[in-house]
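Rule-based calculations on the coordinates, nothing more; no lab input. This one's a predicted model, so the numbers in the text were calculated from it and none came from an experiment. Cβ placement follows ideal geometry from the backbone for every residue including glycine, while neighbour counts extend to all protein chains displayed.
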Amino acid sequence: MRWAAVAVAIPTIVLCFAAAYYYVVFAHLIDARLHGERDRVLPRVYARPLELRRGQSMTTHQLIDRLNDLGYAERAAVEKPGEFAIAGSAVLIRPRSPALKDKVVRVLFQKPATAGVRTASRRTPAPKAADHVERLEVGAQPSERLMLDAPVLTSLIGGEREKRRPVALSVIPARMTQAVIAIEDRRFYEHPGVDPIGIAGALISNLRGKHAYTAGASTITQQVARNVFLPKLFPGMTLQAAREKSIRRKLLEVWVSVVLTQRASKDAILEMYLNDMTLGQRGSFGIVGVAEAARLFFGKDVSNITLAEAATIAGVYQSPSALSPFNNPVRCRERRNVVLQAMVDSGFVEQAAADRAAKEPLIVVQRALESEAPYFVDYVGQTIADDYPGLTTTTNQPVEVFTTLDLHLQRLAQDAVRDGLTQVDTLLSRRRRKGRAEAALIAVDPKTGDILALVGGRSYNQSQYDRAIVSRRQPGSVFKPFVFLTAFEQAAQDGRTDVTPASITDDEPETFAFDDQTWTPENYENEYDGPITFRRALAHSRNLGTIHVAQNAGYDHVAALWKRLGVGNPPKAYPSIALGVFEATPFEIATAYTLFPNNGVIRPLRNILNVMRGGKDVTKHAAPAPRRVARPDTTFLVTNMMRSVLDGGTAAGARSAGFTLEAAGKTGTTNDLRDAWFVGFTPDLLTVVWVGFDDNQPVGLSGARAALPIWTQFMKTALAGHASVPFEAPDGISFVDIDADTGQLATPACPRVIHEAFLAGTEPAQACALHRF
């Protein structure tokens with residue numbers, strides 16, 4: 001008996017010591033979590049603040065989309081900051097900004113909103129919609145413009161690629177928490193972390209071979225213990241190991257659940273569950289928490305989801321991959337209806353309400369992840385890792401990264417790329433071409449260098465390779481403006497007056513020799529114009545005409561100009577440099593082109609505005625300053641010439657497609673039609689588009705056919721409602737009417753007259769000899 005007592009006592013004592021040890025350890029972890037302490041910081045990444053202004057091109061639905069981005073809740077009447085309401089043709093907003101928290105902002109649209117449209121829904125088409133902001137009021141006072149919050153893009157987590165946005169339980173609507181409790185743990189507020197009744201019920205159901213939705217021995221508290229705390233307690237334990245079905249793991253889970261229930265309130269545990277549980281995968285990102293699920297499933301803030309949508313999210317908890325609304329919509333809808341019935345059985349909703357919700361179609365936002373700029377977020381993450389080492393590992397203070405991205409323009413860019421590639425797919429299918437072309441788009445504010453939109457490919461879900469930042473391709477004809485700029489710069493430096501936009505270059509076939517080699521370039525479709533003006537050579541992208549300009553200016557001078565820009569690797573001073581036969585990324589091309597709207601000053605691009613840690617600005621202001629690379633007057637000449645590319649040259653399709661604002665640009669098509677480019681800009685917005693194949697096979701389409709339609713759609717929507725702004729001529733520029741064919745002074749008999757720009761003192765002196773009375 002003594003030996004038996006010892007045999008029982010020793011394991012009991014060891015078990016008690018182990019239980020006490022783990023109690024202390026668990027309690028420390030739980031207390032640290034409850035007090036906001038954590039072993040890593042999740043930087044929150046923000047887009048640009050939402051700006052509202054009178055006359056702004058915007059529909060009521062677009063404004064509601066943006067308020068959803070900001071996490072504003074729709075209410076019948078606005079009472080607290082962070083709420084909005086629909087009142088006829090106006091949207092009422094109670095901003096969160098301390099300066100505006102006691103005021104109501106009234107946004108009045110030109111036309112009344114259509115009655116009966118569900119305003120909280122994202123991208124719900126309506127028969128009629130307001131098309132611009134007619135009046136903006138702050139309090140009762142009219143206002144011209146107003147800044148609201150900055151929308152959250154995501155939280156950065158090094159190496160784990162998770163999308164999450166933790167929110168307080170008070171922000172999560174009751175229907176969401178009720179749906180989760182009804183299906184996952186109906187007695188959550190009654191049991192001590194472990195549910196003996198649930199265990200017994202699950203045991204009986206399993207013995208009978210039945211699997212009812214109520215059967216499940218794992219409570220919400222146990223799931224938090226298993227997924228949140230066990231991996232922290234045992235750093236070597238993977239999440240998969242934490243979920244293994246073993247007696248040791250189950251005992252640890254039960255004990256952590258008991259300790260968690262003693263140390264934390266039920267609401268705190270539920271908040272952890274709703275914020276920390278994985279709800280599937282989207283591309284290479286894990287979707288964590290109900291707030292992120294609401295955005296990626298339905299494009300809404302979690303406060304605005306419907307009963308059916310809340311049930312859908314709650315239903316995914318059981319098996320995120322098998323019940324994904326994207327991959328298995330039928331099973332997801334069936335599970336949603338099971339959750340709705342569970343809510344009825346739990347007394348949370350009436351049967352009639354559940355039946356109505358069960359009849360609703362399951363509609364998800366297929367491209368919600370794409371429109372949240374995942375390529376841009378990756379670029380921001382890399383910038384943080386490179387420029388701010390230790391930012392998130394040496395502190396437990398909150399870190400906020402405010403970026404340059406305009407979320408509205410980002411969505412327009414994504415739509416333009418998607419629609420443009422659909423057209424490219426159609427064209428390639430007619431030619432029986434295999435494979436799917438890719439595209440990249442980068443839009444910047446040329447005055448500041450801020451990246452406003454960035455699309456790195458057709459689909460981030462399918463490929464995370466960022467073609468806008470890292471893909472090096474031949475720029476082709478988009479390099480030609482720098483050839484003409486070199487010619488004007490050299491002429492100005494040498495004091496020559498015979499090199500102007502009206503000068504004549506020979507567009508005739510020729511063989512060029514260099515380094516014991518010969519090169520015989522051709523024009524696109526073998527069309528040659530003979531003697532033509534510089535303006536026409538650039539507008540119609542004449543290869544031979546441009547090469548002759550580069551030859552006269554000096555290939556070494558052309559290469560030196562690109563080197564002064566400081567973007568990418570400098571090309572070799574060969575004749576082929578005139579046709580862009582070297583490699584550059586769309587990012588580098590966009591950087592180089594900031595030279596033109598800034599009259600010779602290059603603006604380095606940036607993706608981050610500010611970095612805050614613990615409320616303090618820790619931004620590193622070490623970005624290269626703007627640099628003057630060329631003269632203002634010579635640069636303006638090239639910009640003015642590039643206007644003809646759209647007004648009557650290779651990009652005239654943009655005008656016929658309805659883009660009417662003052663703009664300049666250049667198409668680009670590389671050798672064998674491998675790459676298609678278009679770069680175009682207004683004084684306020686510069687956009688680069690590339691289309692091609694990742695394996696460098698010829699896409700078989702020119703820049704005008706593949707890239708220009710994407711650019712045109714984006715610029716039309718991005719600048720809708722904006723007034724046309726001319727490019728301002730700097731000092732030293734004069735304008736003279738010339739004949740478009742000869743470049744000489746125009747006479748009344750000249751059929752085509754151009755109001756040409758010249759450096760003062762270089763204007764032609766002879767009248768047109770081709771067209772006489």
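With the cut-off at 21 Å, tell me which of the pairs K80/K163; K447/K666; K434/K716; K480/K563; K80/K616 have Cα atoms farther apart than that.
K80/K163; K434/K716; K80/K616
When the charge dipole of the chain is built from unit charges on Cβ atoms (+1 for Lys and Arg, -1 for Asp and Glu) and taken about the Cα centre, the candidate among T619, V138, G299 whose Cα reaches farthest toward its positive end is G299.
Every helix of 4 or more DSSP H residues in the chain counts as -39500 (n - 2.57), and over all residues that averages to -11000 deg cm²/dmol at 222 nm. Give, rounded to the nearest 20 debye, the magnitude of the charge dipole that the chain has about its Cα centre when Lys and Arg contribute +1 at Cβ and Asp and Glu contribute -1 at Cβ. Around 3180 debye, computed over the chain.
One quarter of the convex hull surface built on the alpha carbon atoms of the chain amounts to 43.1 nm², the projected area averaged over directions. Under 19 Å of direct C-alpha separation, and excluding same-chain neighbours fewer than eight residues apart, K250 reaches these aspartates and glutamates: E184, D185, D195. Judged by the mean number of other Cβ atoms found within 10 Å, the most tightly packed of the peptides 590-602, 426-438 leads the ranking 590-602, 426-438. Projecting the Cα atoms of A150, I710, Y574 onto the dipole axis of the chain, where Lys and Arg carry +1 and Asp and Glu carry -1 at the beta carbon, places A150 farthest toward the positive end.
So what's the stretch 732-773 giving for Cα Rg divided by 2.2 N^0.38 Å, two decimals? Working shown, then result.
Details: Rg = 9.9 Å, N = 42, 2.2 N^0.38 = 9.1 Å.
For the stretch 732-773, the normalised Cα radius of gyration is 1.09.
The Cβ shell under 12 Å around Q551 holds other residues with a net charge of -3, Lys and Arg each +1, Asp and Glu each -1. Other residues with beta-carbon under 13 Å from the beta-carbon of H621 carry, at +1 per Lys or Arg and -1 per Asp or Glu, a net charge of 0.
So for V725, V316, fewest C-beta neighbours within 10 Å to most, what's the order?
V725, V316
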